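Report on one structure; see the data block that follows.
The values are calculated or read from the model by the stated rules, or taken from the named source; none is laboratory data. Here the structure is a predicted model, which means the values were calculated and not measured. Cβ: placed from backbone, ideal geometry, glycine included. Neighbour counts: every protein chain shown.
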Amino acid sequence: MTNELLPVVYQDEDIVAIYKPAGLLVHRSPIDKHETRFAVQILRDQLGQHVYPLHRLDRPTAGLLLFALNSETASAMNAQMMANRMQKSYRALVRGYVKHPGMVDYELKYRWDKYADAKRTQEVAPQTAHSDYWPLAHYELPFAVGRYASARYSWLGLTPHTGRKHQLRRHMLHLRHPMVGDTTHGDGKHNAFVRDQFNTHRLMLVCVSMGFYHPISGKWLTISTQVDSEIEQLLVSWQPFLTWSR
């Protein structure tokens, strides 16, 4: 049993939402056999009862993570998510200026998992994927990164309408605005700049809002949170470099 606690953003008799920090796995995984910290186990010990994770959140992604507190609620919520009735909103820091809101309608090649897909033999066709994005702020830092004399970034809001692996990260790469701190789909030079200059060693992507029909009351419920203090402090330190905001 661990003494570590996860911030609870919302809780009732049937569901609980916590803020998962960047770098924490949701549950045990062959990805890292030596890891000993998992959101499921920490929350189970914290609440003193079994919990049922209702969706995935990649290890480097921070933000809202939803659990059911009983099997009946888990079944009802899983059916709702399979019907694509849950709405999620994210915040992300990306390279370059994103000047206008838009929607990405771009198929993504299925990303094989060597563990989950170990027995798969058939090829998987590219999957439809849709994401909305909108700019919230622009920053221009007076540092040369790569071939440019200054470093430009955008703070974005994003909503995925499908649930493909790394969808938002891959869609922003498709737009040539990769997320800062993304070691898989990002820009290594900008990742290194933010890491070394501002001591930020993480993916700058956070789930800040989830909306769904409560499985018991049937009423629409929206759960929201602010970004964590590490990202907040970085953006505050960048205020002198702010060139535009909504």
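Some notes on this structure:
- Selection status of LYS165, more than 19 Å from HIS100 (Cα to Cα) and not in a helix (DSSP H, G or I): yes
- Of all residues in region 142-160, exactly one satisfies the criterion of being at pLDDT below 95 and in contact with a Lys or Arg (Cβ under 6 Å, 6 or more places away or on another chain), namely GLY146.
- Qualifying residue in region 203-211 (condition: farther than 20 Å from ALA137 by Cα and free of Cβ contacts under 8 Å to residues at least 24 places away in the same chain): no
- When VAL104 is tested against the conditions (1) closer than 19 Å to ALA17 by Cα; (2) outside any loop (DSSP other than H, G, I, E, B), the lone failure is (1).
- Filter result (within 13 Å of the chain's Cα centre (by Cα), assigned to a strand (DSSP E or B) and either surrounded by fewer than 17 Cβ atoms within 10 Å (Cβ to Cβ) or touching a residue at least 60 places away in the same chain (Cβ under 8 Å) (or both)) within region 16-56: TYR19
- Whichever residue in region 224-244 is surrounded by fewer than 12 Cβ atoms within 10 Å (Cβ to Cβ) and within 22 Å of the chain's Cα centre (by Cα) and, among such residues, is farthest from SER89 (Cα to Cα): VAL236
- Among the residues of region 185-223, those identified as loosely packed, with under 15 Cβ neighbours inside 10 Å and assigned to a loop (DSSP other than H, G, I, E, B) are ASN199, HIS201, ILE216, SER217, GLY218, LYS219.
- Subset of region 141-162 [under 21 Å from the mean Cα position of the chain (by Cα) and either free of Cβ contacts under 8 Å to residues at least 24 places away in the same chain or assigned to a loop (DSSP other than H, G, I, E, B) (or both)]: HIS161, THR162
- Region 140-172, subset over 27 Å from MET210 (Cβ atoms) and in contact with a helix residue (DSSP H, G or I) (Cβ under 8 Å, 6 or more places away or on another chain), residue surrounded by the most Cβ atoms within 10 Å (Cβ to Cβ): ALA151
- In the condition set (1) closer than 14 Å to TYR19 by Cα; (2) modelled with pLDDT under 95, GLY63 is compliant with all but (2).
- The one condition in (1) of a type in the set (Val, Ile, Thr); (2) in contact (Cβ under 8 Å) with a residue 60 or more places away in the chain; (3) surrounded by fewer than 18 Cβ atoms within 10 Å (Cβ to Cβ) that VAL94 fails to fulfil: (3)
- Candidate set from region 224-240 (those that are part of a helix (DSSP H, G or I), in contact (Cβ under 8 Å) with a residue 12 or more places away in the chain and not hydrophobic (A, V, I, L, M, F, W, C)); member that is nearest to ALA137 (Cα to Cα): SER237
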